[in-house]
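Peer 1: Sharing a structure here in structure tokens format.
The values are calculated or read from the model by the stated rules, or taken from the named source; none is laboratory data. Remember, it's a predicted structure, so these values are computed and weren't measured experimentally. Neighbour counts run over all protein chains shown; Cβ positions are idealised from the backbone, glycine included.
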């Protein structure tokens with residue numbers, strides 16, 4: 001085993017230790033804050049503390065994914081400052097190791113973390129977040145509606161304490177306000193009370209306007225009606241809000257879901273945006289390493305640890321706000337979805353490399 005491989009393994013281990021330390025602190029803070037927030041939101045609803053803690057646990061992986069880029073940045077700063085203060089960086093540079101060689105293990109490790117996050121962590125986090133979203137809708141939002149899209153069409157559930165309806169449509173138009181080729185299954189409690197078959201249904205204020213319908217009761221005998229008004233409490237915005245969140249889908253599920261949503265007549269912009277963002281996550285993690293190195297490789301000469309931490313925090317906020325800006329532009333259609341998703345990673349990695357270049361080469 002060559003000495004360079006030994007050094008690379010050591011640097012990678014130090015980087016992983018730094019990221020794990022910062023990430024652990026972030027998770028503890030996020031979990032504590034989330035429990036407090038959920039306790040406030042569930043106050044007076046008769047929900048026990050165990051349920052609240054369970055909801056916080058279910059949401060923690062999703063929060064962890066959002067914080068991971070900043071943990072990479074903070075962990076890199078922590079690692080590089082420690083190496084600089086212990087003179088290990090000086091010794092490595094004296095032995096002829098360039099800054100690029102010094103950063104290679106950390107960058108490779110960050111990219112590997114990004115790949116594992118996208119391919120392994122998102123399926124776990126998405127499943128747990130879907131469970132959390134269901135509990136949140138039931139216990140906090142009091143929602144009785146849920147919209148699902150599959151290759152066989154659209155499924156929409158609505159109802160109140162007295163009656164529930166399950167609506168199936170082959171396709172949808174106007175972002176869910178008009179349903180085509182529908183079947184409505186009606187229930188009172190657990191008892192089936194009939195169904196409605198029609199070619200279309202239009203959402204009006206407080207009801208679905210169903211024309212040329214065949215209505216049957218529990219006996220199965222169908223009767224034709226020119227017009228049926230099916231009461232509903234749904235609004236267009238609620239239909240969109242009840243659409244499954246992108247974070248409730250894993251990296252592997254997103255392509256199929258996007259195809260199904262588009263075939264059903266729904267916009268899949270935010271799902272495509274989320275999918276492309278996941279694809280560029282390893283590059284964003286690499287950019288965080290470049291930024292961390294530019295702020296912390298020479299702390300003693302240029303202001304010390306306090307300055308490095310301050311700059312890294314500022315960079316983290318800048319990346320976060322730039323991500324939110326491009327996401328908003330992408331959802332509104334102002335910029336192409338692919339550009340909106342990849343711009344933060346590309347800009348961050350170019351800025352980070354430029355900063356390292358300026359320090360390394362003068």
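Peer 1: Out of everything in region 199-212 that is more than 36 Å from the chain's Cα centre (by Cα) and within 17 Å of residue 232 (Cα to Cα), what residue ends up being surrounded by the most Cβ atoms within 10 Å (Cβ to Cβ)?
Peer 2: Result: 210.
Peer 1: Can I ask one more? Considering only residues that are surrounded by fewer than 16 Cβ atoms within 10 Å (Cβ to Cβ), modelled with pLDDT of 80 or more and in contact with a helix residue (DSSP H, G or I) (Cβ under 9 Å, 6 or more places away or on another chain), which ones fall in region 215-252?
Peer 2: 252
Peer 1: Restricting attention to region 316-330, report how many residues are in contact (Cβ under 8 Å) with a residue 12 or more places away in the chain and surrounded by 15 or more Cβ atoms within 10 Å (Cβ to Cβ).
Peer 2: To start, the set of residues in region 316-330 that are in contact (Cβ under 8 Å) with a residue 12 or more places away in the chain comprises 316, 319-320, 322-323, 326-327, 330.
Restricting the remaining residues to those that are surrounded by 15 or more Cβ atoms within 10 Å (Cβ to Cβ) gives 316, 319, 323, 326-327, 330.
Adding up the residues that qualify gives 6.
Peer 1: Look at residue 113 and say whether it is surrounded by 14 or more Cβ atoms within 10 Å (Cβ to Cβ), within 25 Å of residue 245 (Cβ to Cβ) and at pLDDT below 80.
Peer 2: In short, no.
Peer 1: Residue 162 passes all but one of (1) assigned to a strand (DSSP E or B); (2) under 21 Å from residue 137 (Cβ atoms); which number fails?
Peer 2: Tallying (1) assigned to a strand (DSSP E or B); (2) under 21 Å from residue 137 (Cβ atoms), residue 162 fails exactly one: (1).
Peer 1: Could you list, in sequence order, the residues of region 172-198 that are crowded, with 16+ Cβ neighbours inside 10 Å and in contact with a helix residue (DSSP H, G or I) (Cβ under 7 Å, 6 or more places away or on another chain)?
Peer 2: 172, 176, 177
Peer 1: Can you go through 13, 30, 106 and tell me which one is assigned to a helix (DSSP H, G or I), surrounded by fewer than 19 Cβ atoms within 10 Å (Cβ to Cβ) and in contact (Cβ under 8 Å) with a residue 24 or more places away in the chain?
Peer 2: Values: 13 fails: in contact (Cβ under 8 Å) with a residue 24 or more places away in the chain; 106 fails: surrounded by fewer than 19 Cβ atoms within 10 Å (Cβ to Cβ).
Exactly one residue qualifies, and that residue is 30.
Peer 1: While we're looking at this one, here's another question. Filter region 336-356 down to residues that are surrounded by 14 or more Cβ atoms within 10 Å (Cβ to Cβ) and under 20 Å from the mean Cα position of the chain (by Cα), then give me how many there are.
Peer 2: Within region 336-356, the subset surrounded by 14 or more Cβ atoms within 10 Å (Cβ to Cβ) is 337-338, 340-349, 351-353, 355-356.
Remaining after also requiring under 20 Å from the mean Cα position of the chain (by Cα): 337-338, 340-346, 348.
The number of residues fulfilling the criteria is 10.
Peer 1: A further question follows. Looking at (1) outside any helix (DSSP H, G or I); (2) surrounded by fewer than 16 Cβ atoms within 10 Å (Cβ to Cβ), which is the one condition that is false for residue 66?
Peer 2: Failed condition: (1).
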